[in-house]
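The values are calculated or read from the model by the stated rules, or taken from the named source; none is laboratory data. This is a predicted model, so every value here is computed, not measured. Don't worry about glycine lacking a Cβ; one is built from the backbone with ideal geometry, like all the others, and counts go over all protein chains shown. Accessible surface areas use protein heavy atoms only, side chains included; no ligands, DNA or RNA. Shrake-Rupley method; radii C 1.70, N 1.55, O 1.52, S 1.80 Å.
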Amino acid sequence: MYKVGNIYFIAAVVVIGGALFGFDISSMSAIIATQAYLCQFNQLGHNKSGLCMGPTESVQGGIVAAMPGGSWLGALVSGILSDRFGRKTSIQIGAVIWVVGSVIVCAAVNIPMLVVGRIINGFSVGICSAQVPVYISELAPPSKRGRLVGFQQWAITWGILIMFFICYGSSYIDGKAAFRLPWGLQAIPAILLYIGLLFLPESPRWIAKKDRWDEAKAVLALVHGKGDQNSPWVSREMAEIRDMVEFERANADVSYLELLHPKMLNRTSIGVFTQIWSQLTGMNVMMYYITYVFTMAGLADSNGGNAVLLPSGIQFVINVVMTVPALLWMDRWGRRPTLLAGAFLMCLWLSVNAGLFATYSRPARPGEFPSKSESMTISGPAAKAVIASTYLFVASFAPTWGPVSWTYPPELYPLRLRGKAVALSTSANWAFNFALAYFVPPAFVNITWKTYVLFAVFCAAMFVHVYFVFPETANKPLEEVQEIFDDSKPGAIKFLGTPAWKTRNTRHLVLQQERNEVSSEERVGIPGQEIKGTTSA
């Protein structure tokens, strides 16, 4: 079958898998404040104004947390699927599962049915979110890898934005169609993802691992050599892949337990904590429950909260726009400086919000807001400062921890462990996403503004952790990254390898090497080429 070899086109298609996560975030955040949703899943009765109050705060947390709960399991399973069936095929399996979950969610008539559908959707997102970065990182050249894997985060932000405004428009529809329409429409991108993947090549590293060497070389030539299998870049990549595959084949079969071996434990913990810290920034929680925050800041109307949707949508626009600088310059900045800057700035804005709520807010009166999680109210200039600080928080996350948290883990691991290792890292993301999604509504009720203090402390802790433990991996071939963790080198630390603060971004060396080997490699290859011997998934 005809295969597309343009690396940017490949990334644009496959990151639709990331957009599915974005669709889910805003399909909840934009709907949980609407009367159509609150009345359909009402447990608390009506307030003094006659408005439905919806589910209890713990049940609402459970509904939101159902998706990351399913994603945790999907991410773990994805490593097995990926190693057995391939990176591309595992993503296609995830696309099919998403469609099934979307149908169930769209048709939900009660809370249990909604939760089941969201768990199924989450299972799909877990598979795609774990394997999309692996697929792209194994196809992309080192000088473009950060940018291309970062497209995953950009796709998430676009998914959030597009679905949010679909939900915003649907909120003006009377009746249950206000939430059923967007929940049904979110199946369409998964269908497009499945079809698009039919025209993309499989990962050459996975193919080589299956001893299909001619096919692996053809894919590398298609994507990096403009169809020329004698390209110096292709020859060098094939030699590195062959050496790595033969070395790994001399070792035992891969299991998750191997990731806990003393020689692997450091990089396993780095990958896992990259994803854990990205959740403990509080960003996805702000995405899910932003309507709660802005309602407390006085932006809701008296007719059920639709007025809060438009200002909430502004943060999603900021999220999309501010991800672009990372796509353009992430490989130039490097991973470490980007993560450190993001942690510092997010800690600052969270502390500002905590101080504003602590100083200027008052407890909400019973029945003042539809949800008990909207436990405070703040007004005047302080409310405007809360809104501005929230926007600045999003603008700090979007170009830093957002894209780097997806780019970084696949760069850490050797080929034979990469599928399962990234699956484990991503499963940690979803485990904490689940816990935080469930925790935040009761937290706003019980500890109110101190919720912001908690996340600010997490951001301070991640700054310290990154500085002392996370090495620089930007612009290094995936096989070369393994040398960073070699603890037998002079100056290395036992079981840790080269001290993280001594690692450097070598972008200028990589670019010079690529220019010396083949000047045309900086230009993207031809958009399509027939790969002989390749069978479509």
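Tabulated values for the structure
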| read-out | value |
| --- | --- |
| Candidates 254, 245, filtered to the one that is open to solvent by less than 70 Å² (accessible area, probe 1.4 Å), modelled with pLDDT under 85 and in a loop (DSSP other than H, G, I, E, B) | 254 |
| Sole exception among (1) within 30 Å of residue 37 (Cβ to Cβ); (2) open to solvent by 30 Å² or more (accessible area, probe 1.4 Å); (3) under 27 Å from the mean Cα position of the chain (by Cα) for residue 199, by number | (1) |
| When residues of the stretch 319-367 are limited to those that are polar (S, T, N, Q) and open to solvent by 10 Å² or more (accessible area, probe 1.4 Å), the one nearest to residue 45 (Cα to Cα) | 361 |
| Among (1) within 30 Å of residue 505 (Cα to Cα); (2) in contact with a Phe, Trp or Tyr (Cβ under 9 Å, 6 or more places away or on another chain) - the single one residue 452 does not satisfy | (1) |
| Filter result (among the hydrophobic types (A, V, I, L, M, F, W, C) and open to solvent by 10 Å² or more (accessible area, probe 1.4 Å)) within the stretch 270-285 | 272, 273, 276, 277, 280 |
| Residue match in the stretch 117-134 (condition: assigned to a helix (DSSP H, G or I), open to solvent by 10 Å² or more (accessible area, probe 1.4 Å) and farther than 22 Å from residue 403 by Cα) | yes |
| Residue match in the stretch 398-416 (condition: buried (at least 19 other Cβ atoms within 10 Å of the Cβ), of a type in the set (A, V, I, L, M) and out of contact with any Ser or Thr (no Cβ under 9 Å at 6 or more places or on another chain)) | yes |
| Residue in the stretch 277-284 that is under 24 Å from residue 142 (Cβ atoms) and either in contact (Cβ under 8 Å) with a residue 12 or more places away in the chain or in a helix (DSSP H, G or I) (or both) present | yes |
| Candidate set: the stretch 351-375, residues that are outside any loop (DSSP other than H, G, I, E, B) and of a type in the set (Phe, Trp, Tyr); chosen: the one nearest to residue 318 (Cα to Cα) | 357 |
| Residue count for the stretch 435-454, restricted to those that are open to solvent by 30 Å² or more (accessible area, probe 1.4 Å) and either charged (D, E, K, R) or without any contact (Cβ under 8 Å) to a residue 60 or more places away in the chain (or both) | 4 |
| Test: residue in the stretch 228-240 that is under 25 Å from the mean Cα position of the chain (by Cα) and buried (at least 20 other Cβ atoms within 10 Å of the Cβ) | no |
| Selected residue (only one of 463, 458, 432, 468 is closer than 13 Å to residue 68 by Cα, open to solvent by 10 Å² or more (accessible area, probe 1.4 Å) and among the aromatic types (Phe, Trp, Tyr)) | 432 |
| Single condition residue 187 does not satisfy, out of (1) crowded, with 19+ Cβ neighbours inside 10 Å; (2) farther than 30 Å from residue 309 by Cα; (3) aliphatic (A, V, I, L, M) | (2) |
| Top-ranked residue of the stretch 135-145 - restricted to ones that are touching a Phe, Trp or Tyr at 6+ places or on another chain (Cβ under 9 Å) and in a helix (DSSP H, G or I), ranked as nearest to residue 427 (Cα to Cα) | 135 |
| Pick from the stretch 297-309, criterion in a helix (DSSP H, G or I) and out of contact with any Leu (no Cβ under 9 Å at 6 or more places or on another chain), ranking: modelled with the lowest pLDDT | 306 |
| Output for the stretch 321-373, where each listed residue is in contact with an Asp or Glu (Cβ under 7 Å, 6 or more places away or on another chain), over 13 Å from residue 146 (Cβ atoms) and of a type in the set (Gly, Ala, Ser) | 364, 371, 373 |
| Unique match (being closer than 30 Å to residue 23 by Cα and in a helix (DSSP H, G or I)) among 190, 221, 208, 216 | 190 |
| Flag if residue 170 is within 30 Å of the chain's Cα centre (by Cα), modelled with pLDDT under 90 and not β-branched (Val, Ile, Thr) | yes |
| Condition met for residue 419 (open to solvent by less than 10 Å² (accessible area, probe 1.4 Å) and either over 22 Å from residue 340 (Cβ atoms) or in contact with a strand residue (DSSP E or B) (Cβ under 8 Å, 6 or more places away or on another chain) (or both)) | yes |
| Pairs with Cβ under 6 Å, 6+ apart, first in the stretch 54-80 and over 14 Å from residue 123 (Cβ atoms), second polar (S, T, N, Q) and open to solvent by 10 Å² or more (accessible area, probe 1.4 Å) | 54/42; 55/43; 56/43 |
| Qualifying residue in the stretch 369-378 (condition: open to solvent by 10 Å² or more (accessible area, probe 1.4 Å), farther than 30 Å from residue 142 by Cβ, at pLDDT below 90 and in contact with a Lys or Arg (Cβ under 9 Å, 6 or more places away or on another chain)) | yes |
| Count - residues of the stretch 311-365 that are among the basic types (Lys, Arg) and closer than 29 Å to residue 296 by Cα | 2 |
| Selection within the stretch 135-146 - basic (Lys, Arg) and either buried (at least 24 other Cβ atoms within 10 Å of the Cβ) or in contact with a Lys or Arg (Cβ under 7 Å, 6 or more places away or on another chain) (or both) | 145 |
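Okay, residues lined up against (1) in contact (Cβ under 8 Å) with a residue 40 or more places away in the chain; (2) in contact with a Cys (Cβ under 6 Å, 6 or more places away or on another chain); (3) closer than 25 Å to residue 69 by Cα:
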position: 7; (1), (2), (3): yes, no, no
position: 12; (1), (2), (3): yes, no, no
position: 19; (1), (2), (3): yes, no, yes
position: 24; (1), (2), (3): yes, no, yes
position: 31; (1), (2), (3): yes, yes, yes
position: 36; (1), (2), (3): yes, no, no
